[in-house]
Amino acid sequence: MTSTPNREGTAPVTSAQRILVLNSGSSSVKYQLLDMRDHSRLAVGLVERIGEQTSRLVHSPLTDGGEKRERTGPIADHEAALKAVAEELARDGLGLDSPELAAIGHRVVHGGLKFSAPTVITEEVMAEIERLVPVAPLHNPANITGIRTAQALRPDLPQVAVFDTAFHTTMPESAARYAIDVETADAHRIRRYGFHGTSHAFVSRETAKLLGKDPSEVNVIVLHLGNGASATAVRGGACVDTSMGLTPLEGLVMGTRSGDIDPAVTFHLERVAGMSTDEIDVLLNKKSGLVGLCGDNDMREIRRRIDEGDQRALLAFEIYIHRLRKYIGAYYAVLGRVDAVVFTAGVGENAAPVRAAAIAGLEELGLVVDADLNAVRSDAARLISPEYARVAVAVVPTDEELEIARQTYALVNA
Ligand code: AMP
């Protein structure tokens, strides 16, 4: 862990070794149970479409002889979902009542400025997460529900919040502030917070490891390219700039989000197209990005269409790459010296053509991708630049659940 944990609550030092990681969305819960002695996964799963008739729980025990199980049928709310998860874990001898369970780590999307490190959850912490709902209306309410439900199931157990925003709290004011009226900004807590921080922290540290260096010695540009996408400039282990802002809408072109846009587009849509604020919100968050440009948000499908000569898919790809290259250039200038550019998440880890196009023609910046290394498919962290290159280009698979578990475990054992 790079930062000092916030010990808001008192977590007893524990000899138990298991951590349950919960990632609660508005209609889903993803979970993993990890053994922190060797970071192995004991079970993984998800509940989706909570609150609908067609809810589904998929549970995979990863212990010897365990088999993937699936349940379908209505699961009314998060409480019912977590109870169902607890039942499945119990069937594998991994129940939540086990003395082996040390803590539950929750992914919390927005921690504002107050939370720069993982935090043991108390009522004061809950009140602060609640206070941030206006700046994270889609995410924090679901996270709060997940925490409340887990607390009800195991009130005696430490519950830890790991914030998506925490890694970015080191950003200087020059990067974090928008150039708008300061009083208005401060009154409404408008500033750039950044997201995907758990992933950027994990990947930047693993990249340093790949280079055989300490994180404090390296400057890295991390490109987290999933359905949501963000870029981060990391200097000596600390974030100095990131592409997402007040919300996860700013920055790169994403699966369904526009990323950077002239803010006047929104007034224009209101005044000229007669759209409501909610309609514009849906347009920019759900119907833009790759899906808005070409109808598909899956990079595999876009590449397939390009191979068939589809011009709309090609233009969407080119817009996506153009924005990505702008951020690489911008963060190169922010950092001054770059040791590595690293690709991660679904697109970054798997889409070789994206990596090749993002780096093409940047030899003058010391950036080169080796076509053969780039074509290798692997789950391992790896370099895709030739040995002679001045700046490393790498692919480092992200693992947000492991990072949440590590931070949670470190905090309850601190
Ligand atoms: P994530 O949000 O990190 O789970 O990433 C999901 C996205 O990764 C999908 O929407 C796809 O666009 C992309 N993706 C996943 N697998 C591949 C693949 N084999 N090739 C290209 N893109 C992929």
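At pLDDT below 95 and on the phi < 0 side of the Ramachandran plot: which single residue out of 414, 360 fits that description? The unique qualifying residue is 414.
Could you please let me know if residue 161 is outside any helix (DSSP H, G or I), without any contact (Cβ under 8 Å) to a residue 60 or more places away in the chain and within 19 Å of residue 193 (Cβ to Cβ)? Yes, satisfied. Examine region 129-137 for a residue that is over 19 Å from the mean Cα position of the chain (by Cα), over 28 Å from residue 17 (Cβ atoms) and either surrounded by 24 or more Cβ atoms within 10 Å (Cβ to Cβ) or polar (S, T, N, Q) (or both), and state whether such a residue exists. Scanning region 129-137, I find no residue that is over 19 Å from the mean Cα position of the chain (by Cα), over 28 Å from residue 17 (Cβ atoms) and either surrounded by 24 or more Cβ atoms within 10 Å (Cβ to Cβ) or polar (S, T, N, Q) (or both), so the answer is no.
Can you spot a residue in region 207-214 that is more than 16 Å from the ligand (Cβ to nearest atom) and free of Cβ contacts under 8 Å to residues at least 24 places away in the same chain? Looking through region 207-214, at least one residue is more than 16 Å from the ligand (Cβ to nearest atom) and free of Cβ contacts under 8 Å to residues at least 24 places away in the same chain.
Taking the conditions exactly as written (more than 16 Å from the ligand (Cβ to nearest atom) and either of a type in the set (Val, Ile, Thr) or farther than 18 Å from residue 207 by Cβ (or both)), does residue 316 satisfy them or not?
Considered against the rule, which asks whether it is more than 16 Å from the ligand (Cβ to nearest atom) and either of a type in the set (Val, Ile, Thr) or farther than 18 Å from residue 207 by Cβ (or both), residue 316 comes out as no.
Residues in region 324-371 that are charged (D, E, K, R), more than 16 Å from the ligand (Cβ to nearest atom) and under 19 Å from residue 303 (Cβ atoms): 1 in all. Each residue in region 136-158 was checked for being touching a residue at least 24 places away in the same chain (Cβ under 8 Å) and assigned to a loop (DSSP other than H, G, I, E, B), and 6 of them qualify. How about region 187-229: which of its residues are charged (D, E, K, R) and farther than 22 Å from residue 164 by Cβ? Of everything in region 187-229, those that are charged (D, E, K, R) and farther than 22 Å from residue 164 by Cβ turn out to be 209, 213, 214, 217. Looking across region 284-313, the residues that are without any contact (Cβ under 8 Å) to a residue 24 or more places away in the chain, more than 14 Å from the ligand (Cβ to nearest atom) and either surrounded by 14 or more Cβ atoms within 10 Å (Cβ to Cβ) or of a type in the set (Val, Ile, Thr) (or both) come down to 310, 312. Checking 372, 399 one by one, the residue that is within 25 Å of residue 32 (Cα to Cα) and charged (D, E, K, R) is 399 and no other. For region 1-34, the set of residues classified as under 22 Å from the mean Cα position of the chain (by Cα) and at pLDDT 95 or above consists of 19, 20, 21, 22, 31, 32, 33, 34, listed by residue number. Consider residue 318 carefully, then state whether it is within 21 Å of residue 360 (Cβ to Cβ), surrounded by fewer than 17 Cβ atoms within 10 Å (Cβ to Cβ) and among the acidic types (Asp, Glu). Yes. When residue 257 is tested against the conditions (1) part of a helix (DSSP H, G or I); (2) under 28 Å from residue 175 (Cβ atoms); (3) of a type outside the set (Ser, Thr, Tyr); (4) touching a helix residue (DSSP H, G or I) at 6+ places or on another chain (Cβ under 6 Å), the lone failure is (1). Where helices (runs of 4 or more DSSP H) fall wholly inside region 329-408, the ranges with 1 or more residues that are surrounded by 20 or more Cβ atoms within 10 Å (Cβ to Cβ) and out of contact with any Asp or Glu (no Cβ under 8 Å at 6 or more places or on another chain) are 345-350, 352-359.
The values are calculated or read from the model by the stated rules, or taken from the named source; none is laboratory data. Predicted, not measured: the structure shown is a model, and the values here were computed from it. Note: ideal-geometry Cβ built from the backbone for every residue, glycine included; neighbour counts use all protein chains shown.
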